[in-house]
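In what follows, a structure is listed as structure tokens, so that the remarks can point back to it.
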Amino acid sequence: MAKIVIFVGSVRTDRQGIKVAKLFESKLVERGHTVSIIDPVESQLPLLDKMFKELESPNKELQKLHNIINESDGFLPITPEYNHSISSALKNTIDYFQEEYFFKPTGIVSYSVGGFGGIIAAQHLRIIFAELGAPAISSSLPISKVQDVVDDAGNLKDKKYASHIERFLDEFDWYVEAFKNQREKGTPY
């Protein structure tokens, strides 16, 4: 159906986001999508000095990430909330690229170990992706007390989230298809 990129937003030792990424990977695969997970722990990108397009000889990892993002149809960042914002690891990963994001939708999933589910970080991420030309769908999916919602294997422990996830992904799929159809007709630039 579509190629979706999941961005993992945390590099902490006991991070919860990788569990959430596994959950959404399985849900997207069930819907027929091809999913790539971009994990800053695996990519080990240095702090941004030059964007991909400014590099004369990008390394293999950056070339691989460029290809994945460029060929994608939509983005699903999984963001923690650190000090009322997104993590520096997520921002660093996103900032290496620019045109690769154009005219593709973003569905934002946020989480926290507390009761607010990372909603402030989600709002910051909404602004960032809008600037990159990958506007966020109107809905977001905050996950409160994530440790009680998703297990280590990425299975849903709290079944009341099931309908929220399906509705969120229904909306995301709609935008992915709409943007994909329009990109096939051409883009403004």
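Before moving on, here are some points about what is shown:
- Any hit, region 139-149, residues being more than 26 Å from Asn67 (Cα to Cα) and charged (D, E, K, R): yes
- Neighbours by Cβ (under 8 Å, 6+ apart or cross-chain): first from region 90-103, in a helix (DSSP H, G or I); second among the charged types (D, E, K, R): Glu99/Lys53
- Some residue of region 74-88 being buried (at least 17 other Cβ atoms within 10 Å of the Cβ), closer than 24 Å to Ser139 by Cα, modelled with pLDDT of 95 or more and of a type in the set (Asp, Glu): yes
- If the condition is being touching a strand residue (DSSP E or B) at 6+ places or on another chain (Cβ under 8 Å) and either more than 23 Å from Lys180 (Cα to Cα) or not aliphatic (A, V, I, L, M) (or both), then region 66-87 contributes Glu71, Ser72, Asp73, Gly74, Phe75, Pro77, Thr79, Pro80, Glu81, Ile86, Ser87.
- Leading residue by the ranking (farthest from Gln16 (Cα to Cα)) among those in region 104-134 that are part of a helix (DSSP H, G or I) and among the aliphatic types (A, V, I, L, M): Ala130
- Residue match in region 97-116 (condition: of a type in the set (Gly, Ala, Ser), surrounded by 14 or more Cβ atoms within 10 Å (Cβ to Cβ) and over 13 Å from the mean Cα position of the chain (by Cα)): yes
- Exclusive hit being under 21 Å from Gln123 (Cβ atoms), in contact (Cβ under 8 Å) with a residue 40 or more places away in the chain, part of a loop (DSSP other than H, G, I, E, B) and of a type in the set (Ser, Thr, Tyr), set Ser72, Ser10: Ser10
- If you filter region 26-58 down to residues that are touching a Ser or Thr at 6+ places or on another chain (Cβ under 9 Å) and part of a helix (DSSP H, G or I), you find that the one that is surrounded by the most Cβ atoms within 10 Å (Cβ to Cβ) is Leu28.
- Candidate set from region 135-189 (those that are of a type in the set (A, V, I, L, M, F, W, C) and farther than 21 Å from Lys19 by Cα); member that is surrounded by the most Cβ atoms within 10 Å (Cβ to Cβ): Val176
The values are calculated or read from the model by the stated rules, or taken from the named source; none is laboratory data. Fair warning: this is a prediction, and the values are worked out from it, not measured in the lab. All Cβ positions, glycine included, derive from the backbone under ideal geometry; neighbour counts span all protein chains shown.
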